[in-house]
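As structure tokens, the structure follows; a few thoughts come after it.
The values are calculated or read from the model by the stated rules, or taken from the named source; none is laboratory data. The model shown is predicted, which means the values in this text are computed figures rather than measured ones. Note that each Cβ is placed from the backbone with ideal geometry, even for glycine, and that neighbours are counted across all protein chains shown. Just the protein is used for accessible areas: all its heavy atoms, side chains included, with ligands, DNA and RNA removed. Shrake-Rupley method; radii C 1.70, N 1.55, O 1.52, S 1.80 Å.
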Amino acid sequence: MQAAENVMQQNIVFSEQALELQALARKIADEVVRPKAAELDEKHEYNMEAAQALAKAGLFKTWIPKEYGGHSAGVLALSLIAEELAKADSGFGVAFAVNALGSFPIVLGGTEEQKKKYLPLIGNGEKFVAFCLSEKFAGSDASGLAVTAVKDGDDYIINGEKKWTTNGGIADIYTVFAVTDRTSRSRRISAFIVEKGTPGFTINKVENKMGIRGVPVVETHFDNVRVPAENLIGGREGMGFKHAMMTLDHARPGVAAQAVGASQGALDLANVYANRRVQFKVPISQHQMVQKMLADMAMKTESARQLTYAAAAAIDEKGPNPMNSKMAAMAKCLSSDVAMEVATDAVQVFGGYGFMEDYPIAKFFRDAKILQIYEGTNQVQRIVIARHLIREAGELEHLKEFIPTETQERYGAEDLNA
Ligand code: CAA
């Protein structure tokens, strides 16, 4: 690989279809998401009216391939929709996007029969989806799972407990990652489709969260849950970890887009407030220190947006590959760090009112934090990015001659790529 290929050269092309889907999402966000955001947050209730509006508008078809009744509109279109929804209510952004996260294992690795059976139902919005990877003792270390699936005749029997399942209870279909071979290092895990109502599959705890309170996050329990072998995703054991990683590469631009929406939503509110709030006889937007905050918030939000669109467009154009994995991690990490910073500054612009729940900005602040945690903590994103950088260092041979060899000798450092 040439050095130049380490630099993403991405033309971001917004198809007419993607822009139409974005406009539909904006309308739904304005009409049924934003007006209800505060109330549903307080009640910890899911916005079913908005989910049904998304289904009616065909927005769940976005990432579903055309052959299975979808739009084949891709990750960029998905990101545009998630951004619009999150601008109104960050929690509802994830309530939507988690359906893509849960269905990507089937889209990317499912058998033809699995795709035919499940994807049309997901696209129509008839069935909602959740993704069951994390466990109490396996969060960032996603390969350290304890939930097991044991072959029994033509079935598998699943046992154990999953943690932090977003959309749990609302979802009808769960993609569940479980250990099928304890002895293997790289082929330990397989993924299964588990349907709501399967005997032994229960939700035992609905979490009480700091933010995104409108979308349920639950513990799912599997007590001798018997699923037919045809629910093994891809029909082959041992592919689960790869499917999980490929899924996360596809889904992380969607989280980045939620973060961009959350940043823009907070910036818009702070901007409007700063023009109305008068102190020292002028709107506070006339004070240079407030102007600096607003300008910084706008610059950061726009940088995050461009990286997010580039990462999403790259996945649509080139599919799974190491560069896209790095781009997805960079977009997720930068955008969610930006969302936290922008939400914090937005509260500051609102001053004492910003700390009060009567004002909408406190919710943006509470909702922002999880963006830095879910779908891979930002520490994990930095690990992914750094591992790619270390590999890329091996491809920058031509720069070696500019680095005196004594540097290596003095510190005894080994060349990782030698
Ligand atoms: N695509 C395809 N394959 C990949 C891959 C990728 N992006 N990344 C790794 N792999 C493969 C490797 O090639 C390797 O394969 P072989 O064994 O055949 O060589 C295998 O997977 C293991 O790779 P690593 O050695 O790199 O794995 P690791 O154990 O060091 O872990 C990690 C890497 C990046 C830290 C990973 O564990 C990870 O991403 N952790 C975070 C998990 C996460 O994001 N959880 C979020 C849950 S979802 C959620 O939050 C939902 C919600 O509620 C909204």
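Every residue in the range 215-239 that is within 15 Å of the ligand (Cβ to nearest atom), part of a strand (DSSP E or B) and not polar (S, T, N, Q), please.
Pass one, the range 215-239, residues within 15 Å of the ligand (Cβ to nearest atom): 215-220, 233-234, 236-239.
The next check asks that each one be part of a strand (DSSP E or B); those that pass are 217-220.
Selection gives VAL217, VAL218, GLU219.
Among LYS115, LYS66, LYS61, which is the only one that is open to solvent by 10 Å² or more (accessible area, probe 1.4 Å) and farther than 25 Å from THR308 by Cβ? Break it down stepwise before answering.
Details: LYS66 fails: farther than 25 Å from THR308 by Cβ; LYS61 fails: farther than 25 Å from THR308 by Cβ.
Of the residues listed, the single one that is open to solvent by 10 Å² or more (accessible area, probe 1.4 Å) and farther than 25 Å from THR308 by Cβ is LYS115.
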Inter-residue pairs, beta-carbon under 7 Å, first at pLDDT below 95 and among the hydroxyl-bearing types (Ser, Thr, Tyr) and in the range 171-195, second open to solvent by less than 60 Å² (accessible area, probe 1.4 Å) and within 13 Å of the ligand (Cβ to nearest atom), 6+ apart: SER184/GLY238
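Based on this model, can you work out whether SER143 counts as within 26 Å of ASN378 (Cβ to Cβ), among the hydroxyl-bearing types (Ser, Thr, Tyr) and surrounded by fewer than 17 Cβ atoms within 10 Å (Cβ to Cβ)? Before the answer, list the steps.
Numbers: within 26 Å of ASN378 (Cβ to Cβ): yes; among the hydroxyl-bearing types (Ser, Thr, Tyr): yes; surrounded by fewer than 17 Cβ atoms within 10 Å (Cβ to Cβ): yes.
Yes, satisfied.
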Residue list for the range 240-270, restricted to those being hydrophobic (A, V, I, L, M, F, W, C) and near the ligand (Cβ under 10 Å from one of its atoms): PHE241, ALA244, MET245, MET246, LEU248, ALA251, VAL255
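Without any contact (Cβ under 8 Å) to a residue 60 or more places away in the chain, closer than 25 Å to LYS363 by Cβ and not β-branched (Val, Ile, Thr): which single residue out of LYS116, LYS163 fits that description? Please lay out each step first, then the result.
Numbers: LYS116 fails: closer than 25 Å to LYS363 by Cβ.
Just a single option satisfies the conditions, and that option is LYS163.
Identify, please: which residue in the range 376-418 is of a type in the set (Lys, Arg) and in contact with a helix residue (DSSP H, G or I) (Cβ under 8 Å, 6 or more places away or on another chain) and is, among those, modelled with the highest pLDDT?
Our first condition is that a residue be of a type in the set (Lys, Arg); within the range 376-418, this holds for 382, 387, 391, 400, 410.
Subsequent filtering for residues that are in contact with a helix residue (DSSP H, G or I) (Cβ under 8 Å, 6 or more places away or on another chain) retains 382, 391.
Numbers: ARG382: 98, ARG391: 92.
Out of the qualifying residues, it is ARG382.
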Index of the failed condition, ALA339 passing every other in (1) under 19 Å from LEU101 (Cα atoms); (2) of a type in the set (A, V, I, L, M, F, W, C); (3) open to solvent by less than 70 Å² (accessible area, probe 1.4 Å): (1)
Residues located in the range 124-158, provided they are free of Cβ contacts under 8 Å to residues at least 40 places away in the same chain and in contact with a Leu (Cβ under 7 Å, 6 or more places away or on another chain): GLU135, ALA138
Subset of the range 105-124 (residues that are under 19 Å from the mean Cα position of the chain (by Cα) and either more than 23 Å from VAL179 (Cβ to Cβ) or away from the ligand (no atom under 11 Å from the Cβ) (or both)): PRO105, ILE106, VAL107, ILE122, GLY123
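Yes/no matrix, rows are residues, columns are (1) over 25 Å from the mean Cα position of the chain (by Cα); (2) aliphatic (A, V, I, L, M); (3) within 17 Å of TRP164 (Cβ to Cβ):
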residue: ILE189; (1), (2), (3): no, yes, no
residue: GLU195; (1), (2), (3): no, no, no
residue: PRO199; (1), (2), (3): yes, no, no
residue: ILE203; (1), (2), (3): no, yes, yes
residue: GLY211; (1), (2), (3): no, no, yes
residue: VAL215; (1), (2), (3): no, yes, yes
residue: HIS221; (1), (2), (3): no, no, yes
residue: VAL225; (1), (2), (3): yes, yes, no
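Determine if the range 170-183 includes at least one residue that is part of a loop (DSSP other than H, G, I, E, B) and of a type in the set (Lys, Arg). Outline the logic, then answer.
Filtering the range 170-183 for residues part of a loop (DSSP other than H, G, I, E, B) gives 170-172, 180-183.
Subsequent filtering for residues that are of a type in the set (Lys, Arg) retains 182.
Yes, the range 170-183 contains a residue that is part of a loop (DSSP other than H, G, I, E, B) and of a type in the set (Lys, Arg).
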Where THR198 falls short, out of the listed (1) within 24 Å of GLN381 (Cα to Cα); (2) touching a Lys or Arg at 6+ places or on another chain (Cβ under 8 Å): (1)
Checklist (1) of a type in the set (D, E, K, R); (2) within 16 Å of the ligand (Cβ to nearest atom); (3) surrounded by 15 or more Cβ atoms within 10 Å (Cβ to Cβ); (4) closer than 26 Å to GLU395 by Cα applied to ASP316, failing item: (2)
